[in-house]
Each structure stands twice: as structure tokens, then as C-alpha cells.
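Quick notes on the structure that follows.
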Amino acid sequence: MYSVRLWSVKHSRFMERLYNGVNPAILAILKGTTKIFGKKLDKPITAMEAGVKGFLFDCKMCGDCALSKTGMSCPMNCPKTLRNGPCGGVRANGMCEVKPEMRCVWVQAWDGASRMKGGETIKENEFAVDHRAKGTSTWLKLAREEI
Amino acid sequence: MYEYIHNIEEHGTNPGDPLPMLDGHVSHGRFERVLRSGQFALTTEIAPPDSADPDEVLNRAKLFDGYVDAINATDGSGGNCHMSSLAVCAILTRVGYSPILQISCRDRNRISIQGDTLGAAALGVCNVLSLTGDDVGAGDHPEAKPVFDLDSVSLTKTLRMMRDKSQFLSGRKLDMPPRLFIGSTINPFVPPIENRVDQLAKKINAGAEYIQSQYCFDVPMLKDFMAKAVDSGLTEKCYILIGVGVVSSGRTASWMRENVPGIHIPDHIIKRLNDAKKPAREGRNICVELMQEIKEIPGVSGLHIMAYRQEKWVGDVVKRSGVLEGRTPWSPGESETSIGTVS
């Protein structure tokens, strides 16, 4: 949801703390679950990730999550799906070139990153997304130590 | 002092042949030579024709003879369909021009872009410029599918990988790498203003060797940006060319500000155009003044003149500005090389 997405960026430091706090526990649970059930629970786990991240960030389930490096603003909401934005078309009021009713995802990202402890990571170059990963779970990949 | 830039004998009998590679250079091109030799460089944009006539390209390029060091061939700019940048470049290289192939991420995926890059180098293109690209919604085919498989940073990295590691993104080896001078773009005049230097740093880290900026109509804003770039040492790693424009009236300027993405024109410029008795002439005066002012800003290596539908005035503003300090960039002159009209 757009308003929740804006809230998440505004509270990027809180989201970062929350993530760093609960992440080890979630990963431990997921590691256990995947060991016991193998791939049987992949679908519901992926759906859960899509639900949570979809609500908080309008996550598009690209399968290559970069939220912690993009100020908690999901880059896949950029109409040009830039991974190193913003582009040069941002409006003077900070709104998107393509969707004038939406705040530029990358103006948001740099703003969110400025409040985060690990915000400097936004300055690292990300490579374009791997389109094969679309719809897959980043959480499961972390649990299986694939990334 | 820098005779080798103008030395036509280096071209042999065919001006379309590549120049000998100089030490420390990455391309065979004249544009890189001008920048590396520390001279103030000028580039401009050619409007690609809506035509299959190659002579139309040469006629349009001729307007710039003796005024610019390189000519950008735009890649469907504004989302509008025209002759492809690759084809325009291929025609220009045949007579010895130094074109800059613009590659936009909007229309092609990584397979197509890498293929075109090899093809461009094979056709004698020595310079590429990686851009994100305007959205399709702004152009004449708003129903088209926007691709954006890569972004300009990823594209710059890709081009550097092809040239420096002689391989595709897949890791497959190239028999001969494309010897290209690789550039990208920056727009210091739109939000997030305070992060635009970080964005420049990202592009340079990705491998950009030169940068061409969006239109500058706001010199104080540019000075802030350049001061930060110089302080961060970025201008040591990369040549920065600032975009300047020729606008013909206050109405055009207002229209551009409202409708062309990413263009910032301060009110005082529009007022000056509106108040002028001859707005077109005033527009050129503004351009000349901007060129002179920007040349003096530390860290600026050159200017990129964008004069859409005002191309015939490029020579006028270059001459009047005096930024070339008497230097005359190479041009083919009355070349006998003609590729003829397809009729």
C-alpha cells in the first residue's frame, strides 16, 4: 500500500532495527523448517514473505531483495525498475517522471538511507536484477545460504 | 601544439579508417584524444532523420563542421521513433566523423545491447554513452513495452566488461573487444539535489570515463555541484561535459520545462526570453553567456550543445562564445566519400 510504503521509508531507521532484531530468529526458524520439510513449505513461506513485504514496502517479489541497501524503498516500484537510481527525469517536486502522482522511489531511497546506520550501502553499485528469480523468496535463499 | 588531432594524413586515403591508437588511450577516436590532451571539448547532438536516406544524416552533420569534436546520435530520445543511433553512427564514421553512440536502456535487453555494441565498434564507432532513457509514455508510441532490463550504471559496467575483460556478461569470451570510450550522463538540476554527486560517483565507479550532463540553465546550481565533484576528486577520474541549450522563445522554454522530463529552467531565463524583442536571438545570447560562464567553472572539461531544431545556430554560438580559443575541430570538409541515396 502506497501510504504504508511511504511510512516505512520515513521510519527506515526503525525498520532497519526491526529487521536486524528479528532477522536471526526468522532465519533460524526457516533453517529448521527447510531442514525438516525440505521444499514442501516453500509455497506458503514465499506467500508469507510476499504478504508481509507487500504490505510494508509494496514488494514486487523480484527475488533479489535490496531493501536494506535502498533506504527501505523497494526499487522495483520504479517504473523503470532502476537498481541504481534515480534517473534524470525526476520532477522538481520530487515526484516520478512516469507517474506524477507517485513520489520518486529513488528520491525516497536516498532519503531513507540517510537515516539508516547501514545507509552508506546505497552508494554501492547494484547490478541489474536476475529476471529468473522473479516470484521466488529471498528469505528462503538466505536460509539455504544460497546468497 | 596538438597537431596530431588535426593531422588529416593520419587518416590515410580514407577518413573513415580508424586513427592509430595512442598510449594510455582506450579508443581509436578523436573525441578521447581531444579530452586527454587537456583541450576544452565541444559535442553536439544530431537529430536522427525520419527517413531511410543516408545523405540526410550527412547533410545534418555538415552543419557542425569545424565546430564540434563529437556528435551524439540520439537513441529514440523522448521516446520518439527515428533512425537508430547505430545506423546514424555507422553513416557518420564512413566519412570520418567522430560520433557518440547513445544507448538507452528503454528499448533493448542486455542481449541486444551487447550485440549492438560489438556491431558499433566493428563499424568504426569509438564512443558510447549509456543512458537510462526517457519513458515510452512521453513519446509517440506510448503503448510500447518499456524494457529497462539494465539501468545506466549496469550498462556502463557491462560495456567496461566487454572492453576491458573481453567478454560478454555471460562470461563468454570475445575474439576482439570493442575499443570504446565509455561515458554516461548526469542531471545535477533535479531532486535529490544533495545526492547527485553520489550518483555521479556511482557512475564513475561503474566505469564512466566521461559524463555529459542534462541542460544547464542555472549556473549557481552547477557551481555547487561541480565544487562537490571537485572536492570528492571525481573530476580527476572523469571528464565532465556540461549540457547547454539553444531555445528560441519564452514559450518554448516554458513548454520544455513543463513537458520534457528533467529540465530545470529558472524563471529569470524565461522572463528574459519573454521580454526580448527578438527572443530567438536572445536565446542564442543566453547560450553564449552560459557557455562562457560554465567554461570557467573548475572541473568542467567541455560543453555538450543541444540545439534541437536550432542546429543551424550551433556554429554561431560556438564562434561567438570563443570557448574553442581559435581551435578548429576536425571535419571531413568536401569529402568525395559519398554513400549515395537509396532510391
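Taken together, the values in this text are just the output of simple stated rules run on the coordinates, not laboratory data. Note that the structure is a prediction, hence the values are computed from the model and not measured. Virtual Cβ from ideal backbone geometry, glycine too; neighbours counted across all protein chains shown.
Counting beta carbons within 10 Å around each of B:His25, B:His268, B:His304 and listing the fewest first gives the order B:His268, B:His25, B:His304. Using the Karplus relation 6.51 cos²θ - 1.76 cosθ + 1.60 with θ = phi - 60°, the per-residue 3J(HN,Hα) values for the range B:16-32 come to x, 5, x, 6, x, 6, 9, 4, x, 9, 9, 10, 8, x, 6, 4, 4 Hz, with x marking Gly and Pro. Remark on B:Tyr239: its backbone amide H falls under 5 Å from those of B:Tyr210, B:Ile211, a criterion applied only to residues 5 or more positions apart or on other chains, H modelled at 1.01 Å from N. Proximity of backbone amide H atoms, modeled 1.01 Å from N, is registered between B:Ser98 and B:Ile71 at under 5 Å, excluding neighbours fewer than 5 places apart on the same chain.
Considering only A:Ala25, A:Ala66, A:Ala109, the Gaussian network model of chain A with Cα springs below 10 Å gives its largest mean-square fluctuation to A:Ala25. The spacing between the range B:12-68 and the range B:204-247, judged by their C-alpha centroids, is 22 Å. Label reach from A:Asn23 (point 7 Å along Cα→C-beta): in the range A:51-91, amide nitrogens under 16 Å belong to A:53, A:64-74. The mean number of Cβ atoms from other chains found within 10 Å of a Cβ in peptide B:152-162 is 3, as a whole number. Straight-line cross-link partners of B:Lys223 among the lysines, defined as a Cα under 18 Å from its Cα and at least 8 positions apart when in the same chain: B:Lys295. Counting Cβ atoms of other protein chains within 10 Å of each Cβ in A:91-102 and taking the mean gives 3.
Each residue of the range B:110-126 was assigned a 3J(HN,Hα) from its phi angle through the Karplus curve 6.51 cos²θ - 1.76 cosθ + 1.60 (θ = phi - 60°); the sequence is 5, 5, 5, 5, 5, x, 5, 5, 4, x, 4, 4, 5, 8, x, 6, 10 Hz, with glycine and proline shown as x. Taken over the protein assembly as shown, the alpha-carbon convex hull comes to 161 cubic angstrom per residue. Other residues whose C-beta falls under 12 angstrom from the C-beta of A:Val4 contribute a net charge of +2, scoring Lys and Arg +1 and Asp and Glu -1. Residue by residue along B:130-139, Cβ atoms of other protein chains within 10 Å of the local Cβ number 4 on average. Using alpha carbons only, how many degrees (0 to 90, rounded to 10) separate the axis of helix A:42-57 from the longest principal axis of chain A? Helix A:42-57 and the main axis of chain A meet at about 30 degrees.
State, as an integer percentage, the relative contact order of the range A:2-143 based on alpha-carbon contacts under 8 Å between residues 6 or more apart. Don't skip to the answer; put the middle values down first.
On the way: 186 pairs, mean separation 47.1, N = 142.
Contact order relative to length: 33 percent.
Of the residues B:Val68, B:Val95, B:Asn80, the one whose Cα sits farthest towards the positive end of the charge dipole of the range B:60-121 is B:Asn80 (charges of +1 on Lys and Arg Cβ, -1 on Asp and Glu Cβ, taken about the Cα centre). Under a Gaussian network description of chain B, with springs only between Cα atoms under 10 Å, the residue in B:Tyr308, B:Tyr210, B:Tyr97 that fluctuates furthest is B:Tyr308.
Does chain B come out rounded, prolate or oblate by the C-alpha gyration tensor, with a ≥ b ≥ c the root eigenvalues, rounded set by a/c under 1.5 and, if not, prolate when a/b is larger than b/c and oblate if not? Since a/c stays below 1.5, the shape of chain B is classed as rounded. Note down the net charge around B:Phe64, summing +1 for each Lys or Arg and -1 for each Asp or Glu among other residues with Cβ under 13 Å from its Cβ. Surrounding charge for B:Phe64 is -1. List every residue whose amide H lies under 5 Å from the amide H of B:Val244, counting only residues 5 or more places away in sequence or on a different chain, with H placed 1.01 Å from N in the peptide plane. So B:Val244 has HN proximity to B:Cys216, B:His304, B:Ile305, B:Met306. Have a look at A:Thr70, A:Phe55, A:Val129 and report the one farthest towards the positive end of the charge dipole of the range A:2-143, computed about the Cα centre with Cβ charges (Lys/Arg +1, Asp/Glu -1). Result: A:Phe55, furthest along the dipole toward the positive end.
Name the residue farthest towards the positive end of the dipole of the range A:2-143 from the options A:Gly21, A:Ser3, A:Gly88, assuming +1 on Cβ of Lys and Arg, -1 on Cβ of Asp and Glu, about the Cα centre. Of the options given, the answer is A:Gly21. Dipole size of the range A:2-143 about its Cα centre, with +1 on Lys/Arg Cβ and -1 on Asp/Glu Cβ: approximately 320 debye, rounded to the nearest 20.
Its Cα centre serving as origin, chain B has a Cβ charge dipole (Lys and Arg +1, Asp and Glu -1) of approximately 420 debye.
In this rough spin-label picture, where each label sits 7 Å from Cα along the Cβ direction, the B:Glu236-A:Lys40 distance is 6.1 nm.
Among B:Met306, B:Met161, rank each residue by its count of other Cβ atoms within 10 Å, from fewest to most, as a rough exposure measure.
B:Met161, B:Met306
Label-to-label distance, B:Asn109 versus B:Glu296, with points set 7 angstrom from Cα along the beta-carbon direction: 5.2 nm. Largest mean-square fluctuation among B:Val300, B:Val147, B:Val314, in a Gaussian network model of chain B whose springs join Cα atoms under 10 Å apart, belongs to B:Val147.
The charge dipole of the protein assembly as shown, taken about the Cα centre with unit charges on the Cβ atoms of Lys, Arg (+1) and Asp, Glu (-1), comes to about 2040 debye, rounded to the nearest 20. Put in order of Cβ neighbour count within 10 Å, fewest first, the listed residues B:Trp330, B:Trp255 become B:Trp255, B:Trp330. Normalised by the residues of chain B, what does the relative contact order come to in percent, with Cα pairs under 8 Å and at least six apart? Relative contact order, chain B: 19 percent.
Computed per residue of chain B from DSSP H runs no shorter than four, each worth -39500 (n - 2.57), the mean residue ellipticity at 222 nm is -11000 deg cm²/dmol.
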